[in-house]
Amino acid sequence: MIDPQALLRRALPTMRQAWSARETILYALAVGAGQDAEAWDDTQLRFLYEPGLQALPTLCAVLGDPGFWMRQPDSGLDWRRLVHGEESVRWVRPLPAAGEVVAKHRICRVEDRGAERGAAFVVERQLQDAHTGQAYSRAWTTVVARGDGGFSPPGEPLRQLGEAAEDALPPLPTRAPDVVVVRRILAHQSLLYRQLSDPNPLHVEPAAARSAGFERPILHGMCSFGVMGLLLVNTFCRAQPERLLTLRARFTAPLYPGETLACEFWRDAQTLRFRATAREREVVVLNQGWALVQPDGE
């Protein structure tokens, strides 16, 4: 059982990382850029070719990674039962195609969901330029600790400690979606993504995936988040990455490499709501998505 106060006090590492055009292009390929014929269009080559290269906004997810600190014995967490619950990112300014960042991390919230449902905690991540201190992005990752709930004192309400990072994601509209985009997940997409972040064998080794309860290796949750970011930039931002201001989503089921992703979007001015379904299994893998984009001409 976790000690929620100790988790809130835990000092997480501050990381410094430089990256080049190579990592920027590899990340774009890893989230699906360049897999279709339009890759040779000038608007798509901006993510894949050094002259005029631009970084996708969700590149921030693989910069300054603190590593799998949750596996350390003194964390008190049952790391084998951790799952990614939600992700939320706000961008302050666009990432350059190459540079150096400092990533600062802290645990800002811990919740008890009960002995049967587990606990949840939120890790905040601030990314800033290593030389100027200017902020690039601020992100919140919700981790569900399925084996660590029930720490509230008997007879008392379930405990919620720390600050609320974001408002709860609202339900999706009930009307038909305004736009539907279908995207094939490449069979080797997790192999590409792990070159940049999260080398967990769960995403590549069949035996490791089966031991965790999956039929085969699953795609990284943050890779599917990056796929959605790419679709938003291309579909609603005219391939202008600086126009994506906020992106949030809930992870509701694993996505397998090689599956087809059907993405439904509801638009209300500059606000977009979305969900993504693995078409072959008819399973929603990303739900209650929320994005804010900058209008044309601003």
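The values are calculated or read from the model by the stated rules, or taken from the named source; none is laboratory data. None of the values given here were measured: they were computed from a predicted structure. Cβ coordinates were reconstructed from backbone atoms using ideal geometry, including for glycine residues, and neighbour counts include every protein chain displayed.
Remarks
- Residue, farthest from the chain's Cα centre (by Cα), within region 247-298, restricted to residues that are crowded, with 18+ Cβ neighbours inside 10 Å and over 30 Å from Ala209 (Cα atoms): Trp266
- Boolean, Glu100 is surrounded by fewer than 19 Cβ atoms within 10 Å (Cβ to Cβ) and outside any strand (DSSP E or B): no
- Given (1) more than 30 Å from Pro154 (Cβ to Cβ); (2) surrounded by fewer than 20 Cβ atoms within 10 Å (Cβ to Cβ), index of the condition Thr141 fails: (2)
- For region 14-71, the candidate set comprises residues that are among the charged types (D, E, K, R), assigned to a helix (DSSP H, G or I) and more than 19 Å from the chain's Cα centre (by Cα); within that set, the residue that is nearest to Ala139 (Cα to Cα) is Arg71.
- All positions within region 241-255 that are at pLDDT 95 or above and either part of a strand (DSSP E or B) or out of contact with any strand residue (DSSP E or B) (no Cβ under 6 Å at 6 or more places or on another chain) (or both): Pro241, Glu242, Leu244, Leu245, Thr246, Leu247, Arg248, Ala249, Arg250, Phe251
Quick grid of which residues meet (1) touching a Pro at 6+ places or on another chain (Cβ under 8 Å); (2) in a loop (DSSP other than H, G, I, E, B):
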site	(1), (2)
Arg93	no, yes
Pro96	no, yes
Gly133	no, yes
Phe151	yes, yes
Pro157	no, yes
Leu161	yes, no
Ala168	no, yes
Val180	no, no
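- Unique match (being touching a residue at least 60 places away in the same chain (Cβ under 8 Å), under 25 Å from Glu23 (Cβ atoms), touching a Lys or Arg at 6+ places or on another chain (Cβ under 9 Å) and not hydroxyl-bearing (Ser, Thr, Tyr)) among Ala97, Ala135, Ala165, Ala139: Ala139
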